[in-house]
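Take a look at the structure set out below.
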Amino acid sequence: MSVVTLVILFLALGVTLLLVRKVTGPLAALAEATQKIDQGELDVSVKVQGHDEVSRLAASFNHMVGRLREYTGKLEEQTMELERAHHQTRTVCGIVQEVGALRSLNEISSSLINTFKNILKCSQMVFLIFSSNRDLLFVSSESEIKVLRERESIESAATFLTDITKTTLMEKRAFSPPLVPDLFQTTARQVIIPILHEKELFGALVIGCSEDCSCNVKDIDVVRLMLTQAAGVINRAVLQEEEMRELQGRVEKTAEFSGIVGKDPKMQLIYKLIEDIAPTDATVLIQGDSGTGKELVARAIHRRSPRKNKPFVVINCSAYPATLLESELFGHEKGAFTGAIRQKSGRFEQAHGGTVFLDEIGEIAPSAQIKLLRVLQTQKFERLGGEKTLNVDVRIIAATNKDLLQEVKKGNFREDLYYRLNVIPVLLAPLDERRNDIPLLARHFLSGFATEQGKQIEDFSPEAMRLLLDYSWPGNVRELENTVEHATVLAKGTRIEASDLPAMFHSAAGSTRKASQASTLVENEIKLLEEVLNECGWNKKQAAKRLGISRSTLYDKLKKYQINKPTTH
């Protein structure tokens, strides 16, 4: 009986242990899994066996861990997204800060396009920016800025962009030249990002995409964010560009006077003199080198005089031989000379009530000088071969590139005629003496020739302008005009390059540099001689030895450069 009881007890104990083990095993696994989770390991699970309460607890635990893993994964993604957004924001702020330090619209747009090229894989980008009153459209690419003034093009761009409120991908080319560069013709589609400042559209960034473009939406959003942040800087640059152009227009306007262009103080004095003498009938003698604009001054005097609605007759005295000049000035009767088959009125008759401009008056023949003197004194003359005295009412303006006073002393020009002509002398300075007018005149001529030839040329390159400023201009303004026309014809881009100028400018620049170098060598040699002589107490033997030359060579150099020992008091 005892044995049976003992066996039953052992069996009960074994069954109990098995039951306890079945219950405590999963609980221990749960405890171990919980410890791993506490240590940061989320890739854990507990085996589920059966359908009892412990198994359901294990299943619930596994489900909870799965949800925890999913939630943690989402948190990590959100954290990474936040870090990426933070990095982008810092990058955008840094770029906007760098751009904000730039001043001109060209610099800002060039910097932004270079930055955008590192973000996107497209290389064709251009800014279209309207002026505040939309009368100008700035087309700014990486390398240059062009200004469109055609009302039709501006209105077309404005109408199209008005309907675009967000970043838009156009499967066709929305803009074509001249609104975008010619290279945009090769792109398959365009991305248009509007630029707004204080909720007001004032421009857009146009991106040309090729067929295999790999730009993604997130990268384009980054570009859009940068433009949003930089909109204020761009708007400020546009306003500054407008102010500069308005100021330049004012300067050019004040520099233009009745067809004459120049703002040099010497020219301002001429303008004031023209205003003073134009209302009178005083005879004017304009003197200056060829090409300085003597005829322009004469025309300005006429336009501002009470005779402005009457004829302005130009007579080039050097263009006619002595035998024909009198006939040209005073006319002739039929049969006055061989070939005079009919009566002809002269230039003085044709100019009745107006102004006669006698250009190159220094070339007039002595016989014509006598008749001209009489006209100046009495306003009367006779036609060649005629007897009838004619009365005319004309104002006479004469011009010459000669020193008439010297011609009087040489006996080539009548003294009394000189003093009759020289009532109001006007002396025009050569272009070399008013060099600050060279850029103004060059741009004035460029504007006219570019329009005439249908070219979009905005300005001169710095190197081309330097060559113009360094040149001596023996032909004065007329030579400058011809040079600009030559360069405009040859120009290929949107500005005049140094290579577009005539070859003589490059040779002249080389000669100038050589002369400058030679001058510098001479100055250095004089300086060295004086320093060595002073150090040697003007002991020429010692100085020659120190310089490594003979005493006779030293004496020759002292004589050549006129170097003398300074006197002491």
note = Considering residues that are closer than 23 Å to R236 by Cβ and either surrounded by 15 or more Cβ atoms within 10 Å (Cβ to Cβ) or without any contact (Cβ under 8 Å) to a residue 40 or more places away in the chain (or both), the number found within segment 143-161 is 10
query = Going by the conditions given, is L467 out of contact with any Ser or Thr (no Cβ under 9 Å at 6 or more places or on another chain), part of a helix (DSSP H, G or I) and either surrounded by 14 or more Cβ atoms within 10 Å (Cβ to Cβ) or not basic (K, R) (or both)?
reply = yes
query = Which is surrounded by 10 or more Cβ atoms within 10 Å (Cβ to Cβ) and at pLDDT below 80, of I563, I526, I549, I496?
reply = I549
note = In segment 178-221, residues that are assigned to a helix (DSSP H, G or I) and either within 28 Å of the chain's Cα centre (by Cα) or surrounded by fewer than 17 Cβ atoms within 10 Å (Cβ to Cβ) (or both) total 9
query = Looking at (1) at pLDDT 80 or above; (2) surrounded by fewer than 11 Cβ atoms within 10 Å (Cβ to Cβ); (3) not in a loop (DSSP other than H, G, I, E, B), can you tell me which one G537 breaks?
reply = (3)
request  = Hey, can you tell me all the residues within segment 315-339 that are outside any loop (DSSP other than H, G, I, E, B), of a type in the set (S, T, Y) and either in contact with a Lys or Arg (Cβ under 8 Å, 6 or more places away or on another chain) or surrounded by 17 or more Cβ atoms within 10 Å (Cβ to Cβ) (or both)?
outcome  = S327
Residue that is surrounded by the fewest Cβ atoms within 10 Å (Cβ to Cβ) [pool: residues in segment 416-445 that are within 18 Å of E485 (Cα to Cα) and touching a Lys or Arg at 6+ places or on another chain (Cβ under 9 Å)] = L440
request  = Output the residue which, of all residues in segment 415-461 that are assigned to a loop (DSSP other than H, G, I, E, B), closer than 21 Å to K146 by Cα and small (G, A, S), is nearest to the chain's Cα centre (by Cα).
outcome  = S461
inquiry  = Would you confirm, using the coordinates I've provided, whether R342 is surrounded by fewer than 19 Cβ atoms within 10 Å (Cβ to Cβ), basic (K, R) and within 36 Å of the chain's Cα centre (by Cα)?
reply    = no
message = With the condition being under 52 Å from the mean Cα position of the chain (by Cα), I'd like the strands (runs of 3 or more DSSP E) fully within segment 364-404 carrying at least 3 qualifying residues.
response = 395-400
Qualifying position, being of a type in the set (S, T, Y), surrounded by fewer than 21 Cβ atoms within 10 Å (Cβ to Cβ), closer than 19 Å to L201 by Cβ and modelled with pLDDT of 85 or more, among S131, S140 = S131
query = Quick one: would you say L358 is in a helix (DSSP H, G or I) and either at pLDDT below 85 or under 49 Å from the mean Cα position of the chain (by Cα) (or both)?
reply = no
ask   = What residue, among those in segment 266-312 that are without any contact (Cβ under 8 Å) to a residue 24 or more places away in the chain and more than 27 Å from E349 (Cβ to Cβ), is surrounded by the most Cβ atoms within 10 Å (Cβ to Cβ)?
value = Y271
query = Is it true that N412 is in a loop (DSSP other than H, G, I, E, B) and either modelled with pLDDT under 90 or assigned by TED's automatic domain parsing to the domain that holds K308 (or both)?
reply = yes
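The values are calculated or read from the model by the stated rules, or taken from the named source; none is laboratory data. This is a predicted model, so every value here is computed, not measured. So basically every Cβ, Gly included, is an ideal-geometry build from the backbone, and we count neighbours across all protein chains shown.
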